[in-house]
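One structure is given below, encoded as structure tokens.
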Amino acid sequence: MFVDRAKITIRSGKGGNGSVSFRREPFVPQGGPDGGDGGKGGDIVIRADEGLRTLMDFRYKRKYEAENGEDGKKKKCFGKKGADLVIRVPAGTVVIDDASGKVMKDLVHHGDSFVAAKGGKGGKGNVNFKNSVRQAPNFAEAGGLAQERQITLILKLIADVGLVGFPNVGKSTLLSVSTSADPKIANYHFTTITPNLGVVSMYDQSFIMADIPGLIEGAHTGAGLGLDFLKHIERTRMLIHVVDVSGSEGRDPKEDFDKINHELASYGKKLMNKPQIVAANKMDMATQEQYEAFKAYVEEKGYQVFPLSAPINEGVRPLMNAALQELQRLSKLPQEEDSYEYFDFEAEGEEADYREIYIDRDGPVFVLTGKQLLKIFNSTNFNDMGSIRYLYKYIENKGAVDKLKDMGLQDGDTIRIIDYEFEYYDEAAATSEEEEDGNRRQ
Ligand SMILES: Nc1nc2c(ncn2[C@@H]2O[C@H](COP(=O)(O)OP(=O)(O)OP(=O)(O)O)[C@@H](O)[C@H]2O)c(=O)[nH]1
Ligand SMILES: [Mg+2]
């Protein structure tokens, strides 16, 4: 089965925590700090890979996690970096971030790749926090958080030429005689339910042709899985519109032609702007009058028509020649980009509000929140006065204390960060050691 849509969860690795450790050597009573940095967490990378054609694998495995970074170790040893996880998808896959609904990346070509979830940074070990006044920092930085997100993968087939038309008009037959593809061919509707690709080779040139399942009236509103099928046409550069000119199923070929074009036009996405050439198939069963009438009608509308008897390979070559010429003309024109709304990685990485401290009131208690604050909070050793002062200085230097005072903060009031509460006293702020710490941390 051809699967062209999948929803998965990805999670990068968390950064390893910095280590808190002190040198212990015989005969050296007061060893300094030697806690090393944590390793960076692994990234989730998504890459378009030549070997793949479907999103089938994603039906069985839905959760993808990169490795966490290792915690730092004593003797200034770094923690090992977590391994990246590379998720392979077929070329033509569009990756969408479910939360924002925006396109993260359109992996058009083989080898295209991007980082879809960044691993957390490694936390700094306590050796980094030593300075002239604090010889024995009893805390280290926590590793950066992992990123987790839900994403949707949508495979949009990429082909140069798409074969469109009603069911049973001979699209698969045309693919089978002009390429080495071996699609199922049978005398009933919807024989083809997933697109087939084939390579048409002519002279020293080649192009990719896709046999798309038959369209019916109302396809643009979803009839006969129409929307799924129409989506594949979006990614083709031109169309060959196959019509049963003999009317062997009792329909009028002129009406067939108009109905399919009506569906293409109603779907939008510029499908009707794609160059289209017409194949009048089943010529062996048609009368000359039928063909002439159809040809006149279609040419009148400005399309080129080619008579065809696909199973006996009559008329195939002139048709493919015309397609090749059209493609050559197209490749000289500037390529148009898909008009997606793109996900903003910059904004996410350097979130404007990352450094912001938010203040709220819970009755008499002042509650502080903020992403950077949380990170520093997690790195704080609450058994160590130096570490707690560090946190306090950070809050003060962010201007949060002034804001708190504006909101009515007074000596003795309680301030809460996550689950840690402390009482505020104004004079706690001013010692020279803290000045230095606070400045350094900016
Ligand atoms: N007599 C005649 N029969 C044809 C011709 N082209 C295709 N057929 C027959 O028409 C039937 C349908 O052909 P397919 O190639 O499966 O048609 P399709 O357009 O791919 O059909 P779906 O996949 O159902 O949309 C088969 O029985 C073919 O043998 C033709 O030029 N002449
Ligand atoms: Mg078919």
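So, in region 143-197, how many residues would count as being of a type in the set (K, R) and within 11 Å of ligand 2 (Cβ to nearest atom)?
Start the filter on region 143-197 by keeping residues that are of a type in the set (K, R), which leaves 149, 156, 171, 184.
The next check asks that each one be within 11 Å of ligand 2 (Cβ to nearest atom); those that pass are 171, 184.
Summing the residues that are of a type in the set (K, R) and within 11 Å of ligand 2 (Cβ to nearest atom) in region 143-197 gives 2.
Please return the ranges of strands (runs of 3 or more DSSP E) entirely within region 1-106 where 1 or more residues are β-branched (V, I, T), more than 22 Å from the chain's Cα centre (by Cα) and surrounded by fewer than 18 Cβ atoms within 10 Å (Cβ to Cβ).
Those strands (runs of 3 or more DSSP E) do not exist here; none qualify.
What residue, of P167, P213, P195, is near ligand 1 (Cβ under 8 Å from one of its atoms) and within 27 Å of V95 (Cβ to Cβ)?
After ruling out the rest, the residue left standing is P213.
Scan region 198-252 for residues that are among the β-branched types (V, I, T), under 24 Å from A286 (Cβ atoms) and touching a residue at least 60 places away in the same chain (Cβ under 8 Å) and report the count.
Result for region 198-252: 4.
Looking at region 209-217, is at least one residue outside any strand (DSSP E or B), more than 28 Å from E300 (Cα to Cα) and within 12 Å of ligand 2 (Cβ to nearest atom)? Break it down into steps so the answer makes sense when it comes.
First, pick out the residues of region 209-217 that are outside any strand (DSSP E or B): 212-217.
If we keep only those that are more than 28 Å from E300 (Cα to Cα) as well, we get none.
No, there is no match, as no residue in region 209-217 is outside any strand (DSSP E or B), more than 28 Å from E300 (Cα to Cα) and within 12 Å of ligand 2 (Cβ to nearest atom).
Say we look at region 414-442 and pick out the residues that are assigned to a loop (DSSP other than H, G, I, E, B) and either modelled with pLDDT under 50 or of a type in the set (A, V, I, L, M) (or both); which of these is farthest from I359 (Cα to Cα)?
Filtering region 414-442 down to residues assigned to a loop (DSSP other than H, G, I, E, B) leaves 418-419, 424-425, 430-431, 442.
Now drop any that are not either modelled with pLDDT under 50 or of a type in the set (A, V, I, L, M) (or both), which leaves 418, 430-431, 442.
Values: I418: 12, A430: 23, T431: 25, Q442: 20 Å.
This residue is T431.
Do we find that V94 is of a type in the set (V, I, T), in contact with an Asp or Glu (Cβ under 6 Å, 6 or more places away or on another chain) and modelled with pLDDT under 95 in this structure? Explain how you work it out, then say what you get.
Values: of a type in the set (V, I, T): yes; in contact with an Asp or Glu (Cβ under 6 Å, 6 or more places away or on another chain): yes; modelled with pLDDT under 95: yes.
Answer is yes for this residue.
Test E326 against the stated conditions and say whether it is surrounded by 13 or more Cβ atoms within 10 Å (Cβ to Cβ) and in contact with a Pro (Cβ under 8 Å, 6 or more places away or on another chain).
yes
Does region 234-267 hold any residues that are among the aromatic types (F, W, Y) and buried (at least 23 other Cβ atoms within 10 Å of the Cβ), and which are they?
Within region 234-267, the subset among the aromatic types (F, W, Y) is 257, 267.
If the condition is that a residue be among the aromatic types (F, W, Y) and buried (at least 23 other Cβ atoms within 10 Å of the Cβ), then F257 is the only one that fits.
Since K301 meets every condition but one in (1) surrounded by fewer than 17 Cβ atoms within 10 Å (Cβ to Cβ); (2) within 19 Å of G170 (Cβ to Cβ); (3) among the basic types (K, R), which condition does it not meet?
K301 satisfies every listed condition except (2).
Checking the conditions here, which among D402, D411 is in the same structural domain as F366 (by TED's automatic domain parsing) and either in a helix (DSSP H, G or I) or modelled with pLDDT under 85 (or both)?
D402
I'd like to know if region 386-398 contains one or more residues that are at pLDDT 85 or above, acidic (D, E) and in the same structural domain as R416 (by TED's automatic domain parsing).
yes
The conditions are (1) surrounded by fewer than 12 Cβ atoms within 10 Å (Cβ to Cβ); (2) at pLDDT 85 or above, and A352 fails exactly one of them. Which is it?
(2)
The values are calculated or read from the model by the stated rules, or taken from the named source; none is laboratory data. For clarity, every value in this text was computed on a predicted model and none was experimentally measured. Neighbour counts run over all protein chains shown; Cβ positions are idealised from the backbone, glycine included.
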